[in-house]
Amino acid sequence: MFFRHLHNEIKLSLSIPQYADELFELTDRNRDFLKQWLPWLDAVTRPSDTKAFIEMQLSLFQRGEALHITIFYRDKIAGVLGYNRIDQANDIGYIGYWLAQEYNGRGIMTESVKDLVELGFNYYSLNRIEIRCAVDNLKSRAIPERLGFKQEGIIRGAEKVYGRHLDHVVYGLLRHESQW
């Protein structure tokens, strides 16, 4: 089993189907909060939807195309992060993440993304890591900014989220720029 202990309170684990019920409950409790920025919530209506998603992610992981991680804070699921896509031909990893509202403001996601970046450069031998965030999602944007990513531009109308077209800020970090 893949586990990474960041410190006493934060543990990262490869997402597995056994987490589906708890992860679905967390998603369901945070539905309104997450709908501000994530377009997929209406497609997740039961624990079996979460389980099917995790199984698909494990298949992508097996092929080296993605890595989906569950974040545990004090032994409870707090959110997820991972490489939504790993472009092996170009050595690029695309990071995505979300954290339940009740866990915001504790540094959990910053520590988790930092560890994921280290993993990307040191295990996957990535040359570039990219994070895209909605322009108005200041909490999400603060993470790559804290970790030394460079803001590279804005993609207008990048994503449709519940009837709104959101612009995305693109952040990038190259291996030679990183402190890892």
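Points worth noting:
- Matching option when the condition is within 23 Å of Phe2 (Cα to Cα), among the aliphatic types (A, V, I, L, M) and within 16 Å of the chain's Cα centre (by Cα), among Leu119, Leu138: Leu119
- Selection of region 94-126 for residues being surrounded by fewer than 17 Cβ atoms within 10 Å (Cβ to Cβ), of a type outside the set (Ser, Thr, Tyr) and not in a helix (DSSP H, G or I) yields Asn104, Gly105, Arg106, Gly107.
- Test: residue in region 2-12 that is buried (at least 19 other Cβ atoms within 10 Å of the Cβ), of a type in the set (S, T, N, Q) and closer than 20 Å to Arg106 by Cβ: no
- Tally, over region 122-180, of residues that are aromatic (Phe, Trp, Tyr), in contact with a strand residue (DSSP E or B) (Cβ under 9 Å, 6 or more places away or on another chain) and touching a residue at least 40 places away in the same chain (Cβ under 8 Å): 2
- Residue ID - modelled with the lowest pLDDT, chosen from residues in region 1-20 that are in contact with a Leu (Cβ under 9 Å, 6 or more places away or on another chain) and of a type in the set (Phe, Trp, Tyr): Phe2
The values are calculated or read from the model by the stated rules, or taken from the named source; none is laboratory data. Nothing here was measured: the structure is a model prediction, and the numbers come from that model. Positions of Cβ are generated from backbone atoms using ideal geometry, with glycine treated the same way; all protein chains shown enter the neighbour counts.
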